[in-house]
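Just below is one structure, and these are the notes that go with it.
The values are calculated or read from the model by the stated rules, or taken from the named source; none is laboratory data. Computed from a predicted model, the values in this text were never measured in an experiment. So basically every Cβ, Gly included, is an ideal-geometry build from the backbone, and we count neighbours across all protein chains shown. Remember, those area values only see protein heavy atoms, side chains included, never the ligands or the DNA or RNA. Shrake-Rupley method; radii C 1.70, N 1.55, O 1.52, S 1.80 Å.
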Amino acid sequence: MAKVVTLGEIMLRLSTRAGTRLQRSESLFAHYGGGEANVAVSLANYGHEVYFASKIPDNSLGSGVVEHLRRSNVSTKFLLKGGERLGTYYVESGIGERSSKVLYDRAYSSFAQITENEWAGLDLFEGVDIFHVSGITPALSSSWRALTLELITTAKKAGCKISFDINFRSKLWTQKEAAETLQVILPKVDYCSAGKLDALYLMGIEEKEQADLTYYYEKIQALYPNLTAIYSTKRVVHSSDVNDLTGTLWLDKQYFESKMHELDFIIDRVGGGDAFAGGILHALLTMSNGQDMVDFATAAAALKHTVYGDNNQFSAIEVEEFMNSNSSKIIR
């Protein structure tokens, strides 16, 4: 199995019970999560040697992060301690036609306050196969925009493949800021999570009526020929708890698409995209057939929707069993 480092902010997530407004809640469900941490957990579930790099306060909430990661077999060797607070976000769980809503409380967090490479001298990328980061990290501050590029450049020089999930968050930065940052980061990336909306609004690719995703993947690769894999999901939302999910992958100038998964009665959608990304990275490391890769990743994402919390909780064997099953019968 491979050695992987993911880097980003991990936060405390507090969620309402479905059917309860945030302002009326008397209790909240607590989980730890964050895009890069979620990918780390998925890859550790699949048997890889995974390290999560971040910074947390030296208090009870920080200790909770450490326990969460270690319970998931993710190494905390590069998890720094310092600063005053752990970022928090609140999820008002949707139901039926009412969408879920997210409220961030992450300003001045230990991770966001980093202004220089605090991992210098720690051999962060020694023997590492993949370094994974997302667009959420450079969105946190101007310092993190420069530092994200510095870390990617260092990882590339160390021989790592670079995995980057664009993961645009309009509450963190503007489309213009994101587009300018992508122009300097994407030329160094090998594997990228990007879809049609990223192509249109962050890369300036012209929309073509009735064009399928192949058109946009071709245009993205024309802009960035260094990309060897581009992937994303297509989601049809019927209601908050009923979605159709399909995975897509552009690999070696070929387009692959999974079967559509009918997600009926979703338990928790948060982290579904991260589960897909983790599935793709695992597949790129262990499989040779593009169709098998996208099928595995989409199955992993579909399973994530069946459990509470941000993280995928399934092993590779369980994902494969789910892929090969035709019903929800009891497995005895």
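Taking I330 as the residue in question, decide whether it is within 28 Å of R71 (Cα to Cα), at pLDDT 95 or above and open to solvent by 70 Å² or more (accessible area, probe 1.4 Å).
no
Answer yes or no: is there a residue in the range 150-162 that is within 25 Å of K101 (Cα to Cα) and touching a helix residue (DSSP H, G or I) at 6+ places or on another chain (Cβ under 7 Å).
Among the residues of the range 150-162, not one is within 25 Å of K101 (Cα to Cα) and touching a helix residue (DSSP H, G or I) at 6+ places or on another chain (Cβ under 7 Å), which makes the answer no.
Looking at the range 157-195, which of the residues that are of a type in the set (G, A, S) and crowded, with 17+ Cβ neighbours inside 10 Å is nearest to A112 (Cα to Cα)?
Among them, the one singled out is A178.
Name the residues in the range 196-213 that are more than 20 Å from A139 (Cβ to Cβ) and open to solvent by 30 Å² or more (accessible area, probe 1.4 Å), would you?
Those that are more than 20 Å from A139 (Cβ to Cβ) and open to solvent by 30 Å² or more (accessible area, probe 1.4 Å): K196, E206, E207, K208, E209, Q210, D212.
Is at least one residue of the range 214-236 among the β-branched types (V, I, T), surrounded by 16 or more Cβ atoms within 10 Å (Cβ to Cβ) and more than 18 Å from A283 (Cβ to Cβ)?
Yes: the range 214-236 contains one or more residues that are among the β-branched types (V, I, T), surrounded by 16 or more Cβ atoms within 10 Å (Cβ to Cβ) and more than 18 Å from A283 (Cβ to Cβ).
Can you give me the number of residues within the range 1-32 that are open to solvent by 70 Å² or more (accessible area, probe 1.4 Å), out of contact with any Gly (no Cβ under 6 Å at 6 or more places or on another chain) and over 25 Å from P57 (Cα atoms)?
Adding up the residues that qualify gives 5.
Answer yes if at least one residue in the range 264-278 is more than 27 Å from G96 (Cβ to Cβ), part of a helix (DSSP H, G or I) and in contact (Cβ under 8 Å) with a residue 24 or more places away in the chain, and no otherwise.
yes
So A107 ticks every box in (1) over 30 Å from D241 (Cα atoms); (2) assigned to a strand (DSSP E or B) but one. Which box is left unticked?
Every listed condition holds for A107 apart from (2).
Assess whether A297 counts as being within 17 Å of F265 (Cβ to Cβ) and touching a strand residue (DSSP E or B) at 6+ places or on another chain (Cβ under 6 Å).
Criteria not met by A297.
Checking E26 against (1) under 22 Å from I280 (Cβ atoms); (2) out of contact with any strand residue (DSSP E or B) (no Cβ under 6 Å at 6 or more places or on another chain); (3) not aliphatic (A, V, I, L, M), which single condition isn't satisfied?
Single failed check for E26: (1).
With T137, T154 as the choices, which residue is crowded, with 16+ Cβ neighbours inside 10 Å, assigned to a helix (DSSP H, G or I) and in contact with a Phe, Trp or Tyr (Cβ under 7 Å, 6 or more places away or on another chain)?
T154
If you scan the range 49-94, which residues turn out to be small (G, A, S) and open to solvent by 60 Å² or more (accessible area, probe 1.4 Å)?
S60
Restricting to the range 237-254, what's the tally of residues that are open to solvent by 30 Å² or more (accessible area, probe 1.4 Å) and of a type outside the set (S, T, N, Q)?
Going through the range 237-254 one residue at a time, the tally reaches 6.
Condition first: aliphatic (A, V, I, L, M) and either outside any helix (DSSP H, G or I) or under 23 Å from K156 (Cβ atoms) (or both). Now tell me which residues in the range 169-202 satisfy that.
L172, A178, A179, L182, V184, I185, L186, V189, A194, L202
Determine whether I205 is β-branched (V, I, T) and in a loop (DSSP other than H, G, I, E, B).
Yes, satisfied.
State whether the residues of the range 255-265 include one that is under 17 Å from the mean Cα position of the chain (by Cα) and either polar (S, T, N, Q) or buried (at least 24 other Cβ atoms within 10 Å of the Cβ) (or both).
no
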